[in-house]
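Peer 1: Handing you this structure, nothing more for now.
Values in this text are rule-based calculations from the coordinates and carry no lab data. Nothing here was measured: the structure is a model prediction, and the numbers come from that model. Here the Cβ positions follow ideal geometry from the backbone for every residue, glycine too, while neighbour counts run over all protein chains shown.
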Amino acid sequence: MIKLEHVSKTYEAGVQALKDVSLHIMPGEFVFIVGDSGSGKSTLIKLLLKELSPTSGKITVNGKDLSRISHRHIPDYRRKIGCVFQNFRLLQDRNVYENVAFAMRVIEAGKRQIKKQVPYMLSLVGLASKYRSLPRHLSGGEQQRVAIARALVNKPKILLADEPTGNLDGHNAWEIMKLLDQINKAGTTVVVVTHNMEIVRAMNKRVITIRKGSVVDDQKGDADAI
Ligand code: ADP
Ligand code: MG
């Protein structure tokens, strides 16, 4: 599903953010990526979204060699991957419903489909009753739920989350992680970058540790044991 082969990324400034990273994430996996600030985690996420290109090495996502995706097909590629970020990135002047519907309008989904799918996604993340609220009237946890609903509304096979609980308190962080776990159990491959080691330990999933741009540890969690 996601395969990196000897991937390195050096920024123009000469900073080597990733060094010879090889890893393989299978369909249906839930994977945590952990590591100190500056270790290259966000760079990895950006490479997977083709926001950046590797300096060397090969990245394959959903069977596609990313270096073979032409410039004009990048938006199309990105729409097939769900992503959420620490700062939610919601449209501040649109309500909850519109934030989620927007993602469907971009791919020119039909009106009937939008009317059906948006309320369904909002109920899945526990926000059915807040569909008319503006983002600023929601708690951080609720805003992240909207972002997750938006990320999933077009049914991507992969969800990438870069520090999704970085701005949340302990309780909300847990709620969001539990939601990501549910989403994974429903079949989506989930990759979560996080600093929250308490949650990482408790959830018992595969944990990939990055240090100074290299994978230094890759532990399968008991939760995945066969
Ligand atoms: P993390 O997400 O683990 O904190 P990043 O992937 O954001 O780490 O950054 C890895 C390294 O690359 C850091 O040293 C960071 O300063 C550097 N870096 C990130 N983005 C850029 C950029 N656009 N230009 C130059 N250096 C960058
Ligand atoms: Mg980061």
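Peer 1: Using the alpha-carbon atoms, what tilt in degrees (0 to 90, nearest 10) does helix 111-124 show relative to the longest principal axis of the chain?
Peer 2: Approximately 70 degrees, to the nearest 10.
Peer 1: Still on this model: State, to one decimal in nm², a quarter of the convex hull surface area for the C-alpha atoms of segment 185-224, i.e. the direction-averaged projected area.
Peer 2: 3.3 nm²
Peer 1: Students often forget the sequence filter, so: which lysines lie under 19 Å Cα-Cα from K19 once same-chain residues fewer than 8 apart are removed?
Peer 2: K19 reaches K3, K9, K41, K46, K50, K58, K212.
Peer 1: Would you mind finding the longest exposed-site-free stretch of the chain, with exposed GluC sites (Glu not before Pro) meaning DSSP loop and at most 13 other Cβ atoms within 10 Å?
Peer 2: Counting at most 13 other Cβ atoms within 10 Å as exposed, the longest clean stretch of the chain is 109-226.
Peer 1: OK, next. Grab the Cα-Cα distance for D169 and R89, subtract it from 0.36 nm times how many residues apart they are, and report the gain in nm with one decimal.
Peer 2: Gain on extension, D169 to R89, equals 27.0 nm.
Peer 1: Right, next: Residues with beta-carbon under 14 Å from that of S133, excluding S133: net charge, scoring Lys, Arg +1 and Asp, Glu -1?
Peer 2: Every neighbour counted, the sum reads +2.
Peer 1: How do D222, D169, D162 rank when sorted from fewest to most other Cβ atoms within 10 Å of their own Cβ?
Peer 2: D222, D169, D162
Peer 1: Moving on to the next point. Hey, in the GNM for the chain with a 10 angstrom Cα cutoff, which one of I208, I74, I25 fluctuates hardest?
Peer 2: Between I208, I74, I25, it is I74 that shows the largest mean-square fluctuation.
Peer 1: Sequence-distant or interchain residues sharing an amide H contact under 5 Å with D218, placed H: which?
Peer 2: T209
Peer 1: Right, here's the next one. Would you list K50, K64, K111, K205 from fewest to most Cβ contacts within 10 Å?
Peer 2: Going from least to most buried by this count: K111, K64, K50, K205.
Peer 1: Among N87, G63, H24, whose Cα sits farthest toward the positive end of the charge dipole of the chain (+1 at Cβ of Lys/Arg, -1 at Cβ of Asp/Glu, about the Cα centre)?
Peer 2: Projecting each Cα onto the dipole axis, the largest value belongs to G63.
Peer 1: Restricting to bridges with both residues inside the chain, how much of the DSSP beta-bridge set is antiparallel, in percent to the nearest 5?
Peer 2: 50 percent
Peer 1: Over the chain, with a Gaussian network built from C-alpha contacts below 10 Å, which listed residue (G126, G63, G140) shows the highest mean-square fluctuation?
Peer 2: Taking springs between Cα atoms under 10 Å, the residue moving most is G63.
Peer 1: To continue, here is another question. Along each principal axis of its Cα atoms, how long is segment 89-155 end to end? Whole angstroms, biggest number first, please.
Peer 2: That works out to 30, 21, 18 Å along the principal axes.
Peer 1: Per DSSP H run of n ≥ 4, the term is -39500 (n - 2.57); total these for the chain, divide by its residue number, and report the mean residue ellipticity at 222 nm rounded to 500 deg cm²/dmol.
Peer 2: After summing the helix terms and dividing by the residues of the chain, the value is -10000 deg cm²/dmol.
Peer 1: While we're here: For the chain, what percent of Cα pairs sit more than 24 Å apart?
Peer 2: Roughly 44 percent, rounded to a whole number.
Peer 1: Then there is this: So, in Å, what gap is there between the alpha-carbon centers of segment 59-113 and segment 5-37?
Peer 2: 22 Å
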